[in-house]
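Notes to accompany the following structure.
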Amino acid sequence: MSGTLTINVVSAIVQRNTEIIGRMDLFVVAKLTAAGRTSESKTRIVKGNKGELVAWGERLTFNIPRNALADARLYLEVKDEDVTTDDLVGVAYVNLQNCLVFNGGRNAYEVRLHYNNEDAGILNLETQWA
Ligand SMILES: [Ca+2]
């Protein structure tokens, strides 16, 4: 039996600038590993600057076995889209044990973004497991 984990990528304030001219083209990639499989989903692009609130308000959903949620790992990347290679702005790991709430319960997280072991800002998320 599987359940649906919904990750609402609410917003971020990044503390790095990977764009030489103009605003960054920011999106979030969510990689969920559960029961030995990794699924990936990403948000659309929203333009933003360092130190500015960037809001996606976008829901990404993952179907995973119910008994796999406790050991599931969520890895998030904030990236800046570029013509050649997208720039990595920051990464974060989320412990999903806290979202083991059934019947549509919601959890809000403010997670720290890192880049090369340095602070790269914050990412606001909500999770819902049903
Ligand atoms: Ca760019």
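Descriptive notes on the structure:
- Of all the residues in segment 19-51, those that are basic (Lys, Arg) and under 11 Å from ARG73 (Cβ atoms) number 1.
One line per residue, one yes/no per condition, for (1) hydroxyl-bearing (Ser, Thr, Tyr); (2) buried (at least 19 other Cβ atoms within 10 Å of the Cβ):
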position: GLY22; (1), (2): no, no
position: ALA30; (1), (2): no, yes
position: ASN49; (1), (2): no, no
position: ARG66; (1), (2): no, no
position: THR84; (1), (2): yes, no
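Here's the yes/no breakdown for (1) within 23 Å of GLU118 (Cα to Cα); (2) of a type in the set (A, V, I, L, M, F, W, C):
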| residue | (1), (2) |
| --- | --- |
| GLY3 | no, no |
| ALA12 | yes, yes |
| VAL28 | yes, yes |
| SER39 | no, no |
| THR61 | no, no |
| ASP86 | yes, no |
| TYR93 | yes, no |
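- Considering ARG23, ARG106, ARG37, the condition of being touching a strand residue (DSSP E or B) at 6+ places or on another chain (Cβ under 7 Å), of a type in the set (Lys, Arg) and within 24 Å of ALA130 (Cα to Cα) is satisfied by ARG106 alone.
- Hits in segment 1-32 - residues which are of a type in the set (Ser, Thr, Tyr) and either within 16 Å of the ligand (Cβ to nearest atom) or in contact with an Asp or Glu (Cβ under 9 Å, 6 or more places away or on another chain) (or both): THR6, THR18
- Strands (runs of 3 or more DSSP E) completely within segment 34-130 that count 2 or more residues being without any contact (Cβ under 8 Å) to a residue 60 or more places away in the chain: 37-42, 46-48, 53-65, 73-80, 87-95, 106-115
- Which listed residue, of LEU74, LEU53, LEU100, LEU60, is away from the ligand (no atom under 16 Å from the Cβ), within 16 Å of the chain's Cα centre (by Cα) and at pLDDT below 95: LEU74
The values are calculated or read from the model by the stated rules, or taken from the named source; none is laboratory data. Keep in mind that this is a model prediction, so the values were computed, not measured. Reconstructed Cβ throughout: ideal geometry from the backbone, glycine too, with neighbour counts over all protein chains shown.
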